[in-house]
Amino acid sequence: MIRFSLMALLAASVFAAGCAGDPNRRTKIGAGVGAVVGGLIGSEVGDESNSNIAAGAVLGALAGGAAGRYMDNQHAELQERLAAEQAREELYITRMGGDTLRVGVAADASFEVDSADLNFDAQSTFDKIANVFKDYEKTAVHLVGHTDSSGSDSYNQKLSERRASAVASYLSSKGVDSSRMVTWGRGESEPIATNDTEAGRSRNRRVDIVIKPIVEGQEKAAFTAPPYLGS
């Protein structure tokens, strides 16, 4: 059972992660939710006792010098397997700072409007993603949900959390170890386009997948909150 003290620690760690480097950001970023194991939610994100971090060590970590090549290979495989989706502009794959990868998936290609249920067509895309993740198990996988600015802040926050959780659940059902995954809801706080046009709002409705290498001695860093993902 999750103790109150751990929930308090979670709130403090998420607040710090959400504000770090950008003091003007709104603090409505949703808490990271760790793996669901046996009906329990491991939510001590950012704490050294985090079940995700411990699981990362058990899974095996990369030597520091090997992380770059490992992530290069994973990047190349994602590009190859998801070439059709990229051509249809349903997702994009980029290299972030260091050895972190980002897969941005259009929510419109994954969910019906105002829904957190993955549609049938999106499942084949996430099947491909799951197969790559299973080949590169020495990584932490962050699922980050976003919305446009339509609707209230609180509603958008909850919808972004539900969509991130839906993707995590689907990947888990396809064999991705749930102890590697962390979900985040960031509502409308991190747009990549204007919300003044339908085209812009469509781009802002998305789920970002942020992939970090689990490096020996630096397991905690792999499971800390992704940085600001807006434009």
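The values are calculated or read from the model by the stated rules, or taken from the named source; none is laboratory data. Computed from a prediction, not measured in an experiment: that's the story for all the values here. We place every Cβ from the backbone using ideal geometry, glycine too, and count neighbours over all the protein chains shown. SASA here: full protein model, heavy atoms, side chains in, ligands and nucleic acids out. Shrake-Rupley method; radii C 1.70, N 1.55, O 1.52, S 1.80 Å.
Could you tell me whether any residue of the stretch 169-177 is among the aromatic types (Phe, Trp, Tyr), closer than 20 Å to ASP117 by Cα and open to solvent by less than 20 Å² (accessible area, probe 1.4 Å)? No: zero hits. Scanning the stretch 87-125 for residues that are surrounded by 14 or more Cβ atoms within 10 Å (Cβ to Cβ) and under 29 Å from VAL215 (Cα atoms) yields LEU91, TYR92, ILE93, MET96, ASP99, THR100, LEU101, ARG102, VAL103, GLY104, VAL105, THR125. If you take the residues in the stretch 73-105 that are of a type in the set (A, V, I, L, M) and touching a residue at least 24 places away in the same chain (Cβ under 8 Å), which one is farthest from ASP127 (Cα to Cα)? Ranking the qualifying residues of the stretch 73-105, first place goes to MET96. Per this entry, ALA166 is not counted among residues that are closer than 25 Å to SER231 by Cβ, among the hydrophobic types (A, V, I, L, M, F, W, C), open to solvent by 10 Å² or more (accessible area, probe 1.4 Å) and assigned to a loop (DSSP other than H, G, I, E, B).
Looking only at the stretch 135-155, residues that are crowded, with 24+ Cβ neighbours inside 10 Å and farther than 24 Å from TYR70 by Cβ come to 3 in all.
Condition test on ALA61, is it within 16 Å of VAL207 (Cβ to Cβ) and surrounded by 15 or more Cβ atoms within 10 Å (Cβ to Cβ)? No, not satisfied.
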